[in-house]
Amino acid sequence: MEKVWHKHYPKHIRPELEIPNQSLPEMLVETVKKYPNHPALYFFGQEISYTKLGELAGAFSTCLQQDGFEKGDRAAIMLPNCPQYVISYYGILQTGGIVTQVNPMYTSNELEYILRDSGAKVIVIYEPLLPVLKQIIANTSVKRVITVNFEGKEAVDEFSIDFASFLKTVKKPPTPVMIQASEDVAVLQYTGGTTGRSKGAMLTHRNLLANVMQCYEYFKDEIKPGQDRMLTVIPLFHVYGMTSCMNLAIYTGALNILLPRFEIEEVLQTIKETKPTSFPGVPTMYIALINHPKVNEYGLDSISICNSGSAPMHVELMHTFEEKTRAKILEGYGLSESSPTTHCNPAFGPRKPGSVGIGVPSTDYKIVDLGDGIKELKPGEIGELIIKGPQVMKGYWNMPEETANTLRDGWLYTGDIAYMDEDGYVYIVDRKKDMIIASGYNIYPRDVEEVIYQHPAIKEAVVVGVPEAYRGETVKAVVVLKEGQQVSEDELISFCREKLAAFKVPRIVEFRSELPKTSVGKILRRKIREESAKVSE
């Protein structure tokens, strides 16, 4: 049945796709056959061909198997963007193992939760982060620690082995493993939720391959297989970076230009040297680029397409960026639970400012009543966005109740409040889950509130996002002190900094005598957010 948004699709873009029963390692093998000598990865002047990438992923897989790692075992990756990330990701998958993605900015408390919840046996970690791991490793199932450094030094001690030394332990080709693409989980992508506990979204090989194919089909007018150069500054541990950068680049035989961090001078110099054709990013990156005083000297006109995700995009920013480059900025939408992409403004049709666009191929969606979650609403009516498609997760790791609440009759209930226009374009109105998005990072208020409540002077606390020109949103804590207690704004921020990743730490603290509540005592978070937004204007 044709959907209203399909009328915008040109004839050569298929509204429905057939997703093969293929694993991600098989996808890599196909690309190696098509483009054996084509550069796959570029990292600070060094290139790795697709043939070499395939060999290194196979060697990593073998070394894991020799270590006793088996199908279904979990291995965590806690790295910035680098070739070792891609090698270990595909090596883990080749064993039939499950990749557990970890943000390198996490504190020991946050890392411990994910390692314990996933039951990870192996962790591939950036060497400077070892002190974070050492604090909590005794409380986890981790048996093998593989370190990565960018200095080229090799080291083996009782606690860990470096990446290069680990690869040298290979003794034989990898043992083939049968992977059922539609059933076998490839990745645990941790995300927050209504309970405040991070949940591991189980993404199968088919989920991830489907989303890559959906993105390729949707953007194929802008993609030249075997010729494109993708600038990847978006973290690969983020579901957006994983699919839209790493996996899509491998599917299309593109060169993936990896940068471990967003530093404006480094990014501009890399653009000048490598002339990327695509640059997936978040609004804060584009703001930094267009505000650089010498931006016109770096040749941004090589970039033809920029997919913007993870945070809302301001119309003025979009126009300014496009004036300075030949690129189209295409704002989209997705979730960890959907691998992530479900919607995007089309390159081939009208782009509507303020909208996240229409569904990518093989994606169905509707707006339903917030009360019953069933009644489908008319265009313009506000309700909850629900989604169905081959990219939708299998469920949450070891959380059957959360899975049942989120997946109902094949539909993914996003928790996002939205409306649809007559053409099928979706507009996100609010986030039902109260998530804060700062510089593309997802921040869950409960995570921050739990830390604030650990301070002995705090009676009540609520955390909200407030508008901020550069980061999109910034974290604000509104607190009530216990009677007779005192703490300053700087002291509370310092307290949080010891227990939270830097991007989660409140930038603003407001002290109140009481918080607004409902008649049953529930804190009115939305009211606080609205009041805080007015103050920040």
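The values are calculated or read from the model by the stated rules, or taken from the named source; none is laboratory data. Quick caveat: nothing in here was measured; it's all calculated off a predicted structure. No Cβ is skipped: glycine too gets one built from the backbone with ideal geometry, and neighbour counts run over all protein chains shown.
Couple of notes before you dig in:
- Test result for SER118, touching a Gly at 6+ places or on another chain (Cβ under 9 Å) and over 22 Å from ALA164 (Cα atoms): yes
- Considering the stretch 509-537, and only residues there that are under 17 Å from ASP434 (Cβ atoms) and among the β-branched types (Val, Ile, Thr), the residue that is modelled with the highest pLDDT turns out to be ILE528.
- Only a single criterion out of (1) surrounded by 23 or more Cβ atoms within 10 Å (Cβ to Cβ); (2) touching a residue at least 40 places away in the same chain (Cβ under 8 Å); (3) not in a loop (DSSP other than H, G, I, E, B) is not satisfied by ARG446, namely (1).
- If you go through the stretch 104-126 and keep only what is among the hydroxyl-bearing types (Ser, Thr, Tyr) and over 20 Å from the mean Cα position of the chain (by Cα), you end up with just SER108.
- Of the criteria (1) crowded, with 19+ Cβ neighbours inside 10 Å; (2) assigned by TED's automatic domain parsing to the domain that holds GLU112; (3) of a type in the set (Ser, Thr, Tyr); (4) over 21 Å from GLY97 (Cβ atoms), which one TYR85 fails: (4)
- Residue among ALA40, ALA57 that alone is buried (at least 21 other Cβ atoms within 10 Å of the Cβ), in contact (Cβ under 8 Å) with a residue 24 or more places away in the chain and not in a helix (DSSP H, G or I): ALA40
- Hey, GLU337 of a type in the set (Asp, Glu) and either within 27 Å of GLU468 (Cα to Cα) or under 24 Å from the mean Cα position of the chain (by Cα) (or both) or not: yes
- The set of residues from the stretch 364-374 being surrounded by 13 or more Cβ atoms within 10 Å (Cβ to Cβ) and of a type in the set (D, E, K, R) comprises ASP364, LYS366, ASP369.
- Among residues of the stretch 4-23 that are in the same structural domain as PRO350 (by TED's automatic domain parsing) and modelled with pLDDT of 95 or more, those with a Cβ under 6 angstrom from a residue that is part of a loop (DSSP other than H, G, I, E, B) and of a type in the set (Phe, Trp, Tyr), sequence gap 6+ or separate chain, pair up as PRO15/TYR9.
- For the stretch 187-225, residues that are over 15 Å from PRO20 (Cα atoms) and of a type in the set (A, V, I, L, M, F, W, C) total 8.
- Condition met for SER336 (surrounded by fewer than 24 Cβ atoms within 10 Å (Cβ to Cβ), closer than 21 Å to THR363 by Cα and in contact with a helix residue (DSSP H, G or I) (Cβ under 7 Å, 6 or more places away or on another chain)): yes
- Flag if GLY383 is at pLDDT below 95 and either surrounded by fewer than 18 Cβ atoms within 10 Å (Cβ to Cβ) or basic (Lys, Arg) (or both): no
- Filter result (out of contact with any Lys or Arg (no Cβ under 7 Å at 6 or more places or on another chain), over 30 Å from ASN291 (Cα atoms) and at pLDDT below 90) within the stretch 428-453: LYS432, LYS433, PRO445, ARG446, GLU449, GLU450, TYR453
- Options GLN94, GLN22: the member that is of a type outside the set (Lys, Arg), touching a helix residue (DSSP H, G or I) at 6+ places or on another chain (Cβ under 9 Å) and crowded, with 23+ Cβ neighbours inside 10 Å: GLN94
- The stretch 470-495, subset more than 22 Å from the chain's Cα centre (by Cα) and in a loop (DSSP other than H, G, I, E, B), residue nearest to PRO516 (Cα to Cα): LYS482
- For LEU129, the requirement of being over 18 Å from VAL170 (Cα atoms), crowded, with 21+ Cβ neighbours inside 10 Å, within 21 Å of the chain's Cα centre (by Cα) and not assigned by TED's automatic domain parsing to the domain that holds GLU263 is met.
- Boolean, VAL463 is crowded, with 16+ Cβ neighbours inside 10 Å and assigned to a strand (DSSP E or B): yes
- Between THR284, THR252, the distinction of being modelled with pLDDT of 95 or more and in the same structural domain as LYS220 (by TED's automatic domain parsing) belongs to THR252 only.
- Strands (runs of 3 or more DSSP E) contained in the stretch 91-186 and holding at least 1 residues more than 30 Å from ASN21 (Cβ to Cβ) and at pLDDT 95 or above: 122-126, 144-148
- Residue in the stretch 282-311 that is nearest to the chain's Cα centre (by Cα), counting only those that are outside any helix (DSSP H, G or I), of a type outside the set (A, V, I, L, M, F, W, C) and more than 19 Å from TYR216 (Cβ to Cβ): SER310
- Every residue from the stretch 231-260 that is part of a helix (DSSP H, G or I) and of a type in the set (A, V, I, L, M, F, W, C): VAL239, MET242, CYS245, MET246, LEU248, ALA249, ILE250
- Residues of the stretch 306-339 that turn out to be at pLDDT below 80 and either small (Gly, Ala, Ser) or not assigned by TED's automatic domain parsing to the domain that holds CYS215 (or both), as a count: 3
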